[in-house]
Amino acid sequence: MSAGRATVAVDLPGEWVGLPACSRAVLEMAEAELATSDWRASLDVSRAVRVSVPEDATWGPALRAYSGALSIRAVTETRGAPLTTVLPWWECASAEIPPGRMALRRLRECGEAGIPARLVDLDLWSGADLAGALDFYLTCPTLETPIEPWHSLAVAVSGGSPCDLWHAEAAVVGSSVYIAAQGLATLSARLARHGQWFGGWDETWERWRCSALWRELEGHRRALFLMRTDCAFCPAFPWCGGFWTVPGADDRMHCEAWRGLVARLVAVAYEAMAPGPGGADPVGT
Ligand code: SF4
């Protein structure tokens, strides 16, 4: 997050913040803002709100006090405290696992506690840790809860609902928006880190749609094939969608790693789907 550790990401339906066309809005807020913000007044507790909480946030206990029936998802961080420091595990709808030294340990803790987990900020994960997380997902014999994005992608690979990394990450142009702490709008935290913006938070949706970034994102897939880029010939494309070659945030290192990870996911899924012993569970959970 651009404003350092004293920020929180609040993930809620776009209509709650005046963006009815948008199913998902993520707002970066400063700690002080969180305590006073209007969004809490309009909460409908039957609907999910996701609040990403740094593990060592001083306002953790206060957040817990009004969590109620909300789906508040705890973020685990790289500090030494255990997962349950932020929220007791039975209050966790799911845990978000950011990259870092403790990430794989946190992932195993989630698996053991039966908490669904999601790897966040994928572009900040090392290829080795992504591979470790996938290995855990595919090989842990006692895992009963999903780990995203692997689970959605594995379902897609196995012939279930189509899903690529854009959808697994819920970063789809036209239905997701990310409002950074400095008041600028973009598609996701990754694009915010690369300084790619639709425009100011106070500008209209129509104006954002006219921005260069919006138009590039909308035309991204088509351009990949028209220009015969590597993505057009990549076997991972159905489950990636050119995620790592997005304009302004081209990331060849993760592109290379992703090809290998998808190849492994596909191989395991196909093996599981093959007739015969061990072919009953194509997603490996
Ligand atoms: S893995 Fe790389 S080359 Fe393949 S579709 Fe994704 S971004 Fe394109």
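So what's the net charge close to residue 232: Lys and Arg +1, Asp and Glu -1, counting the other residues with Cβ under 12 Å from its Cβ? Please report the intermediate quantities before stating the final value.
Numbers: positive: 221, 222, 228; negative: 230.
Summing Lys/Arg as +1 and Asp/Glu as -1 gives +2.
Sort 163-172, 205-214 for me by packing, meaning the mean count of neighbouring Cβ atoms within 10 Å per residue, highest on top.
Details: 163-172: 20.5, 205-214: 15.9.
Output ranking for 163-172, 205-214: 163-172, 205-214.
Using a 10 Å cut-off on Cβ atoms, rank the peptides 126-134, 237-245 from the highest mean neighbour count down.
On the way: 126-134: 17.1, 237-245: 21.6.
Peptide ranking by packing, descending: 237-245, 126-134.
Beta carbons within 10 angstrom, averaged per residue: use that to sort the peptides 110-122, 246-258, highest first.
Final packing ranking: 110-122, 246-258.
Values quoted throughout were computed directly from the atomic coordinates according to the rules given, and no laboratory measurement underlies them. Fair warning: this is a prediction, and the values are worked out from it, not measured in the lab. As a convention, Cβ positions derive from the backbone with ideal geometry for all residues, glycine included, and neighbour counts pool all protein chains shown.
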